[in-house]
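Remarks on the structure that follows.
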Amino acid sequence: MTAQPLRYGLIGAGMMGREHIRNLGLIPGSELVAIADPSEEQVALSVAEAERHLGQRPRGFAMPEAMLAADPLDCVVIASPNDTHIAVLETVLRHRPGLGILVEKPVVTRLADCGRLEAMAKDHPRPFWVAMEYRYMPPVAELRRAVSAGEIGTLRMFAIREHRFPFLEKVGDWNRFSERTGGTLVEKCCHFFDLMRLVVGSEPVRVYASGAADVNHRDERYDGRVPDILDNAFVIVDFANGCRASLDLCMFAEGSWFQEEIAATGDAAKIEVFIPGPARFWPGGAERESEVVVSPRAPKGPVRRKVHVDEAILKAGDHHGSTYFQHLGFRAAMLDGGPVDVTLADGLQAVRIGLAAEESARTGESIRLDAFG
Ligand SMILES: NC(=O)c1ccc[n+]([C@@H]2O[C@H](COP(=O)([O-])OP(=O)(O)OC[C@H]3O[C@@H](n4cnc5c(N)ncnc54)[C@H](O)[C@@H]3O)[C@@H](O)[C@H]2O)c1
């Protein structure tokens, strides 16, 4: 039996675009019809990736408008630079309002665009999904399951540590300045703020952040300017239900065995997950396994186990398999009326928290979310 076809157009065909291609290659029925990217080189690399992983040869376009006018599509995946999302979304919503949308995080980079996008997408008839996939990493899914099943009692504290490699080089160096990314606490940490909301099951009321650009990219110059993106920060988030969450981000710690260490502590027990970074950056390039540790208060005795993830799924991306599971969910939303797990509202709220954290790091003040934006 052949799987039902779903026709994709890819807008923005760089590093993350190719991660999407490789993951679509693992899902029967995926048809990559067309690619739009102003860089001929990136289009060529992505067409070659599609030939390798999907056995298909998508048509290449320089502009999204031309792609949208030319090809029969069911949905688009948008993986262009952060600050281009708003204009690309406007183009898609205006020219082809009947398409499903999977748009990379952060969905926008500026507070002013949050309301604008909400209004533009208000009556969108197909799934509109923001790509924040960390929730699908199998160890994180296990933590979410244990917390919602009450296995740690009532959740009180949720702590996320990400200690990783510096920002990679991007096409046109778009990720070196906050004006194009939204700032580090938006660009990459919107993932974590989304995860906090999901696990805590409440909305944030106050954010305090301390962060700086201390180590990375100090000797780089772009038109004479030094990159301004933060490379280390602590962020504390207070939630309406009384839970508190923290983020400890360090982007000059690529020597760490585990990249993410996440702990949910309830009044009965603690569950922790430990997730290695991408295998391609580790000596030898072998995949490493993630771990889950459950530590009850009584009887004392932490239980540690490894979490197996299929190697083909791990190899398809840099995000411990999560992009594959996200695509399964998006496909189900497109074809079977499955839920949109990460809605536009979720994507925008994660951006607002990130922007509030950036503001806090800049001013040294804690920021109340109800008075922000
Ligand atoms: N979900 C995740 O975990 C994750 C991980 C990495 C990147 N991302 C996101 O994916 C997006 C792309 O990041 P990347 O790492 O692939 O960057 P990249 O620089 O490798 O690729 C971006 C591509 O977009 C193209 N582009 C530029 N302007 C465009 C436009 N107006 N229309 C169409 N294409 C355009 C560039 O030519 C380039 O090929 C960003 O929003 C980034 O934040 C998400």
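If I filter region 71-103 down to residues being within 11 Å of the ligand (Cβ to nearest atom) and not in a helix (DSSP H, G or I), which single residue comes out as surrounded by the fewest Cβ atoms within 10 Å (Cβ to Cβ)?
Once the filter is applied, the top-ranked residue is PRO81.
From (1) more than 18 Å from ILE160 (Cβ to Cβ); (2) in the same structural domain as LYS306 (by TED's automatic domain parsing), pick out the condition that doesn't hold for VAL140.
Answer for VAL140: the failing condition is (1).
What is the one condition in (1) under 20 Å from the mean Cα position of the chain (by Cα); (2) surrounded by fewer than 20 Cβ atoms within 10 Å (Cβ to Cβ); (3) more than 26 Å from CYS250 (Cβ to Cβ) that TYR324 does not satisfy?
The failed condition is (2).
Out of region 176-197, which residues are assigned to a helix (DSSP H, G or I) and either at positive phi or out of contact with any Asp or Glu (no Cβ under 9 Å at 6 or more places or on another chain) (or both)?
Across region 176-197, the qualifying residues are GLU187, CYS190, PHE193, LEU195, MET196.
Which residues, counting only those in region 11-30, are open to solvent by 10 Å² or more (accessible area, probe 1.4 Å), within 6 Å of the ligand (Cβ to nearest atom) and part of a helix (DSSP H, G or I)?
Hits for region 11-30 are MET15, MET16.
Identify the residue in region 227-262 that is among the aliphatic types (A, V, I, L, M) and in a strand (DSSP E or B) and, among all such residues, is most open to solvent (accessible area, probe 1.4 Å).
ILE236
Suppose we filter ARG126, ARG144 for residues that are touching a helix residue (DSSP H, G or I) at 6+ places or on another chain (Cβ under 8 Å), farther than 28 Å from PRO276 by Cβ and either without any contact (Cβ under 8 Å) to a residue 40 or more places away in the chain or not small (Gly, Ala, Ser) (or both); which single one remains?
Exactly one of ARG126, ARG144 is touching a helix residue (DSSP H, G or I) at 6+ places or on another chain (Cβ under 8 Å), farther than 28 Å from PRO276 by Cβ and either without any contact (Cβ under 8 Å) to a residue 40 or more places away in the chain or not small (Gly, Ala, Ser) (or both), namely ARG126.
Tell me, yes or no, whether region 34-41 has at least one residue that is assigned to a helix (DSSP H, G or I) and open to solvent by 40 Å² or more (accessible area, probe 1.4 Å).
yes
When region 175-204 is examined, which residues are found to be over 26 Å from THR343 (Cβ atoms) and either hydrophobic (A, V, I, L, M, F, W, C) or in contact with a His (Cβ under 6 Å, 6 or more places away or on another chain) (or both)?
PHE177, the sole residue that qualifies.
Report yes if some residue within region 288-296 is within 21 Å of the chain's Cα centre (by Cα), among the hydrophobic types (A, V, I, L, M, F, W, C) and open to solvent by 20 Å² or more (accessible area, probe 1.4 Å); otherwise report no.
The answer is no; no qualifying residue exists.
What number of residues within region 128-144 satisfy the criterion of being open to solvent by 10 Å² or more (accessible area, probe 1.4 Å), of a type in the set (Phe, Trp, Tyr) and within 15 Å of LEU328 (Cβ to Cβ)?
Residues that pass the stated criteria total 1.
In region 136-150, is there at least one residue being part of a loop (DSSP other than H, G, I, E, B), closer than 30 Å to PRO299 by Cα and either touching a Ser or Thr at 6+ places or on another chain (Cβ under 8 Å) or polar (S, T, N, Q) (or both)?
The answer is yes, given that some residue of region 136-150 is part of a loop (DSSP other than H, G, I, E, B), closer than 30 Å to PRO299 by Cα and either touching a Ser or Thr at 6+ places or on another chain (Cβ under 8 Å) or polar (S, T, N, Q) (or both).
Take HIS124 and tell me if it is away from the ligand (no atom under 16 Å from the Cβ) and closer than 25 Å to ALA345 by Cβ.
So HIS124 passes the test.
For ALA345, only one of the following conditions fails: (1) touching a Leu at 6+ places or on another chain (Cβ under 7 Å); (2) open to solvent by 30 Å² or more (accessible area, probe 1.4 Å); (3) not polar (S, T, N, Q). What is its number?
Failing condition for ALA345: (1).
Does region 198-205 contain at least one residue that is in a strand (DSSP E or B), open to solvent by 20 Å² or more (accessible area, probe 1.4 Å), touching a strand residue (DSSP E or B) at 6+ places or on another chain (Cβ under 7 Å) and of a type outside the set (Gly, Ala, Ser)?
yes
Quickly run through region 145-159 and pick out the residues that are within 19 Å of ALA240 (Cβ to Cβ) and aliphatic (A, V, I, L, M).
VAL147, LEU155, MET157, ALA159
Check whether at least one residue in region 152-175 is in a helix (DSSP H, G or I), away from the ligand (no atom under 11 Å from the Cβ) and under 24 Å from ALA345 (Cβ atoms), and report yes or no.
Within region 152-175, none of the residues are in a helix (DSSP H, G or I), away from the ligand (no atom under 11 Å from the Cβ) and under 24 Å from ALA345 (Cβ atoms).
If the requirement is being more than 12 Å from the ligand (Cβ to nearest atom) and part of a helix (DSSP H, G or I), which of these qualifies: GLU65, GLU51?
Just one listed residue meets the conditions, GLU51.
Specify the residue that is least open to solvent (accessible area, probe 1.4 Å); the eligible residues are those in region 105-122 that are over 14 Å from LEU89 (Cα atoms) and out of contact with any helix residue (DSSP H, G or I) (no Cβ under 7 Å at 6 or more places or on another chain).
Residue satisfying both the conditions and the ranking: ALA112.
The values are calculated or read from the model by the stated rules, or taken from the named source; none is laboratory data. On a predicted model such as this, the values are computed, not experimentally measured, just so you know. Positions of Cβ are generated from backbone atoms using ideal geometry, with glycine treated the same way; all protein chains shown enter the neighbour counts. When the accessible area is computed, the model is the full protein with side chains, heavy atoms only, and any ligands, DNA or RNA have been set aside. Shrake-Rupley method; radii C 1.70, N 1.55, O 1.52, S 1.80 Å.
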